[in-house]
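Just below is one structure, and these are the notes that go with it.
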Amino acid sequence: MNVKKLNKYLIKKRAVKIILHLILILISVTMLIPFLWMVVSSLKTNNEMFAIPPKWLPEHWAFENYVYMFSAAPWMKYFFNTVWITAMTILGQIFICSMGAYSFARLNFKGKNTFFFIYLGTMMIPFQVVMIPQFKIVNAMGLNDTHTSLILLGIFNAFSTFLLRQFFLGLV
């Protein structure tokens, strides 16, 4: 390959990269616009927020909206609840799902693949079908309005079992 062809190839390759990067930047900016609108709108007064035509920047920056928000609700308690429920669900999934995944990946028993496909088939059941039975079970256990009910319902997860099974199959 001579030098001229090589230079043309490199220039073409660089041009394609530049065009792709410009397209990605344009898509990124498009995705950021709603977020920026949300942040700017949080600093507007009600009249400015619902003004027609809408204005991007408020005339009066209303930082008191955040003061009101943090005084109107116990946000730190909500944050702690979210972190607690998430952490306990993840730890429970790691414990429970890893045992099931290990058995599906490493142990040999009759009907292993059939049981696994049936277990995976539960992921295809819409949540609306299992929502009422789950509520009745939680209600019968006396766990309504508790963190325990949210954690227990999140621990048993076919998708996590599937991912961990694939991991165990990849180990030599």
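The values are calculated or read from the model by the stated rules, or taken from the named source; none is laboratory data. Note that the structure is predicted; figures quoted are calculated from it, not measured. Cβ coordinates were reconstructed from backbone atoms using ideal geometry, including for glycine residues, and neighbour counts include every protein chain displayed. Only protein heavy atoms, including side chains, enter the accessible area calculation; ligands, DNA and RNA are left aside. Shrake-Rupley method; radii C 1.70, N 1.55, O 1.52, S 1.80 Å.
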Problem set entry | Heavy-atom accessible surface of the stretch 72-154: percent carbon and sulfur, 1.4 Å | 74 percent
Exercise. Tell me, what HN-Hα J-couplings in whole Hz come from the Karplus equation 6.51 cos²θ - 1.76 cosθ + 1.60 at θ = phi - 60° for each residue of the stretch 21-27, using x for Gly and Pro?
Worked result: 5, 5, 5, 5, 5, 4, 5
Exercise. So which trypsin sites (Lys or Arg not before Pro) in the stretch 32-99 pass both tests, a DSSP loop state and at most 16 other Cβ atoms within 10 Å of the Cβ?
Worked result: 55
Problem set entry | the stretch 1-87: GluC sites (Glu not before Pro) in DSSP coil with no more than 13 other Cβ atoms inside 10 Å | 59
Seminar exercise, completed: Extension length gain for residue 35 and residue 156 (0.36 nm per residue less Cα distance), in nm, is 40.2 nm
Seminar exercise, completed: Counting only protein heavy atoms and rolling a 1.4 Å probe, one gets per residue an accessible area for the chain in Å² of 82 Å²
Problem set entry | Summed residue charge, Cβ within 15 Å of residue 161's Cβ, Lys/Arg positive, Asp/Glu negative | +3
For this session: Take the alpha carbon atoms of the stretch 65-86, find their center, do the same for the stretch 29-49, and report the distance between the two centers in whole angstrom.
Result: 21 Å
Problem set entry | Peptide ranges 85-98, 138-151 listed from the most packed, as the mean C-beta count within 10 angstrom indicates | 85-98, 138-151
For this session: Tell me, rounded to the nearest percent, the portion of alpha carbon pairs in the stretch 1-64 spaced more than 21 Å apart.
Result: 53 percent
For this session: In whole Hz, with x marking every Gly and Pro, tabulate ³J(HN,Hα) for the stretch 60-74 from phi via Karplus 6.51 cos²θ - 1.76 cosθ + 1.60, θ = phi - 60°.
Result: 10, 6, 9, 5, 5, 4, 6, 4, 5, 4, 6, 8, 7, 8, x
Problem set entry | Descending Cα extents along the principal axes, the stretch 1-146, whole Å | 67, 64, 26
Seminar exercise, completed: Placing +1 on each Lys and Arg Cβ and -1 on each Asp and Glu Cβ in the chain, then taking the dipole about the Cα centre, the residue among 39, 26, 3 whose Cα reaches farthest towards the positive end is 3
Seminar exercise, completed: Here the net charge surrounding residue 100, from other residues whose Cβ is less than 15 Å away from its Cβ (Lys, Arg +1; Asp, Glu -1), is +3
